[in-house]
Amino acid sequence: MKKPPRLEEIRRDIRVSPSIYSRRLAEKYGYLPYMVERYISILGVDETVKLLEAFEKPLKPVVRCNDLLIDCRELADRLEALGFKLREISWSSGSYRVVEAPRSPSIGATHEYLKGYYYVHRDAASLIPGILLTHGYSGDILDACAAPGGKATHMAQLIHGRGRVIANDLVLYRLKALIGHVMRMKLDNVIVLWSDARKLPDLIDERYDRVLLDVPCSGEGTIMFDPGRKTRTTIRDLAVIVRREIELLNAGLEMLSEDGILAYVTCSIAPEENEYVVHRVMMDRGDVEIVEPPLKLFNWSSWLTTYRRHVFPEEFKKCIRIWPHRHGMIGFTTCLLRQRG
Amino acid sequence: MPIEAEGIVMRIRLKYGVLGRGRTRRLYMYIRDKLGYNPDELFKPPLYYTCFNDKCIIHKGSGKYFRATKLYEDGWIGVIMDKHVYPSPIIYERIYHERGFRAAIIVGDRGVRAFLYGNDILPESIIREYPPLDSGVAVVDHSDHRVIGVALRVKHEGSYYYRNIYDLGMFLRVWG
């Protein structure tokens, strides 16, 4: 296993000195100045303001129908009869944005929910990796950081009858929720493991054709749900998170079989947690290439090829970046990687 | 997946392993004698359990997956409540789909709502009873014939009601 880089080295690489203008804008919206400085260097001032405004607006949840238990049209009718107004997501069949909700019940407490007829996602973006990883695929999938189980249960549905999901996580109370969702949705193709994903290459002899690595991240794309994230992660904290993400990505790649595909996923728009992490691992290993997504679900943005003093590979244009102000979703990224034989 | 906010500390006492012979035998006997179904067609022993604090479920595998810790595998078979074992809704529904209702009560809207909040079922909520009723019975929602939990018939002042053993509302109250 590759040794992770030293924290000082990461800190040096990701250091940001905010300008006076960034500081003013950060103060106005309540952010740490380094965050806004980054947004301006990526998006320019006007688009940064649009991004900050988008983070001020709450997003409506998304219902993903469990078509193994119910016809999705029937589910939509039943929820609409309860007073929910749904809008179908064009690129994910059986998924609906809840655009209006009654005072009671909440979308996560209906009888239909308890019967396992659907899963509630905070946003549609989290549907993307499962669709891409399972497209035309039969076989087992390792979900290395799986709890609370939105993506694991989605993939278990998508490959039902063709494979199993090995869903691993380290945090026990989140695993409890994951097992609850698996039972509630009556899924019979999920194995749940309790391990540190960084140790999986030593703990499991099997290798997988598909690995989902939704790493524990700063959550910088989910500020609309948790405004505390505007100030929670200092640049020093970010370096610690980045180092762990590098360790996790190395471990995830070790779990791949020859020609297997790994989806590296974060709900952070920070280039440090995405482009920097993947570039760093690619440079260190020399055996990783980017894979073009098998589907273009909608007009998403691509990863950055330059950021401040960093120059990233041109093939990063194949990776997916969702911006709240452009796509009306959380900030989210997905990049498909393959380990060359 | 965002890192959880700091300051949330939840203590969980975890237990897992092979389901004991006595409990396995009781689950087999219930399915064979009360539901009239051959349990070997549903699962093969050994069965496994996993407990988060005092909430225990029965399923098809815990222990080791290579050298990693496995907590759950491939299908919910039952629950352990107060040292008794009861099948999961999946098991009941599979049997009812093939053989029709046994050891079941069909419940109307008000009863379903109350039951899913963890309450008992009163006689006026029961639309129909399918014997045998002398041990755990599946509680079935009349609207779609889905099993929403298990109850136990209890005599009280000359009439019967059904005491809630477990219900799907536990996915909010316990497993959420």
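Kindly state which helices (runs of 4 or more DSSP H) lie completely within the range A:216-327 and contain at least 3 residues that are within 14 Å of another protein chain (Cβ to nearest Cβ) and modelled with pLDDT of 95 or more.
A:229-232, A:235-254
Those residues that are surrounded by fewer than 18 Cβ atoms within 10 Å (Cβ to Cβ), closer than 12 Å to B:Ile106 by Cβ and not polar (S, T, N, Q), I need them from the range B:125-176; list them, please.
Correct list: B:Ile127, B:Arg128, B:Glu129, B:Tyr130, B:His142, B:Asp144, B:His145.
Go through (1) within 25 Å of A:Leu52 (Cβ to Cβ); (2) touching a His at 6+ places or on another chain (Cβ under 7 Å) and name the single condition A:Leu295 misses.
Checking A:Leu295 against (1) within 25 Å of A:Leu52 (Cβ to Cβ); (2) touching a His at 6+ places or on another chain (Cβ under 7 Å), the one that fails is (1).
Restricting the first residue to the range A:249-261 and requiring it to be closer than 16 Å to A:Val291 by Cα, which pairs with a second residue that is buried (at least 18 other Cβ atoms within 10 Å of the Cβ) and charged (D, E, K, R) meet a Cβ separation below 7 Å and a spacing of at least six or different chains?
Note: pairs meeting the criteria are A:Ser257/A:Asp209; A:Gly260/A:Asp209; A:Gly260/A:Arg210; A:Ile261/A:Arg210.
Looking at A:Asp209 and the list (1) within 20 Å of the chain's Cα centre (by Cα); (2) facing chain B (nearest Cβ under 7 Å); (3) among the acidic types (Asp, Glu), which single condition is not satisfied?
Among (1) within 20 Å of the chain's Cα centre (by Cα); (2) facing chain B (nearest Cβ under 7 Å); (3) among the acidic types (Asp, Glu), the lone unmet condition for A:Asp209 is (2).
Listed here are the residues, each with its yes/no results for (1) of a type outside the set (D, E, K, R); (2) closer than 15 Å to A:Ile330 by Cβ.
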residue: A:Ala54; (1), (2): yes, yes
residue: A:Val62; (1), (2): yes, yes
residue: A:Cys65; (1), (2): yes, no
residue: A:Leu68; (1), (2): yes, no
residue: A:Ala81; (1), (2): yes, no
residue: A:Lys85; (1), (2): no, no
residue: A:Trp91; (1), (2): yes, no
residue: A:Arg97; (1), (2): no, yes
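Considering only residues that are of a type in the set (S, T, N, Q) and surrounded by 19 or more Cβ atoms within 10 Å (Cβ to Cβ), look in the range A:210-255 and name the one that is nearest to A:Leu52 (Cα to Cα). First the steps, then the outcome.
Step one: list which residues in the range A:210-255 are of a type in the set (S, T, N, Q), which gives A:218, A:222, A:231, A:233-234, A:250.
From what's left, surrounded by 19 or more Cβ atoms within 10 Å (Cβ to Cβ): A:218, A:222, A:233, A:250.
On the way: A:Ser218: 17, A:Thr222: 12, A:Thr233: 17, A:Asn250: 33 Å.
Among those residues, the one meeting the criterion is A:Thr222.
Identify the single condition in (1) at pLDDT below 95; (2) under 20 Å from B:Val85 (Cα atoms) that B:Arg163 does not satisfy, given that it satisfies every other one.
Every condition holds for B:Arg163 apart from (1).
Please specify each residue of the range B:20-71 satisfying the condition of being more than 14 Å from chain A (Cβ to nearest Cβ), of a type in the set (D, E, K, R) and farther than 23 Å from B:Ser135 by Cβ.
Correct list: B:Lys44 only.
Please work out which one of (1) exposed (fewer than 15 other Cβ atoms within 10 Å of the Cβ); (2) within 16 Å of the chain's Cα centre (by Cα) is the condition B:Tyr92 fails and give its number.
Just one mismatch for B:Tyr92, condition (1).
Pairs needed: first member in the range B:125-142, farther than 16 Å from B:Gly100 by Cβ; second member anywhere, of a type outside the set (Gly, Ala, Ser) and open to solvent by 30 Å² or more (accessible area, probe 1.4 Å); C-beta distance under 6 Å; at least 6 residues apart or different chains.
From the range B:125-142, the pairs are B:Ser125/B:Arg110; B:Ser135/B:Lys34; B:Gly136/B:Leu152.
Output the number of the condition that B:Ile77 fails; it satisfies all remaining conditions of (1) open to solvent by 60 Å² or more (accessible area, probe 1.4 Å); (2) in the same structural domain as B:Tyr28 (by TED's automatic domain parsing); (3) at pLDDT 95 or above.
So B:Ile77 meets the others, but not (1).
If you scan the range B:127-158, which residues turn out to be in a loop (DSSP other than H, G, I, E, B) and within 14 Å of chain A (Cβ to nearest Cβ)?
Within the range B:127-158, B:His142, B:Ser143, B:Asp144, B:His145, B:Arg146 qualify.
Collect the residues in the range B:159-168 that are more than 21 Å from B:Tyr96 (Cβ to Cβ) and either within 15 Å of the chain's Cα centre (by Cα) or within 12 Å of chain A (Cβ to nearest Cβ) (or both), keeping them in residue-number order.
Residue satisfying the conditions is B:Arg163 alone.
For the range A:174-189, which positions are over 19 Å from A:Ala109 (Cα atoms) and at the interface with chain B (Cβ under 7 Å from one of its Cβ atoms)?
Correct list: A:Leu175, A:Asp188, A:Asn189.
Residue check: is B:Ala5 open to solvent by less than 50 Å² (accessible area, probe 1.4 Å) and either in the same structural domain as B:Ile165 (by TED's automatic domain parsing) or modelled with pLDDT under 95 (or both)?
Judged against the criteria, B:Ala5 is a match.
Checking the condition under 23 Å from A:Trp194 (Cα atoms) and open to solvent by 20 Å² or more (accessible area, probe 1.4 Å), which residue from B:Phe66, B:Phe52 passes?
B:Phe66
Of the residues A:Ile128, A:Ile70, which is of a type outside the set (Asp, Glu), touching a residue at least 24 places away in the same chain (Cβ under 8 Å) and assigned by TED's automatic domain parsing to the domain that holds A:Val265?
A:Ile128
The values are calculated or read from the model by the stated rules, or taken from the named source; none is laboratory data. Being a predicted model, the structure only gives us computed values, none of them experimental. Heads up, the Cβs are rebuilt from the backbone with ideal geometry, glycines too, and the neighbour counts pull from every protein chain shown. Surface accessibility is based on the protein's heavy atoms, side chains included, excluding ligands, DNA and RNA. Shrake-Rupley method; radii C 1.70, N 1.55, O 1.52, S 1.80 Å.
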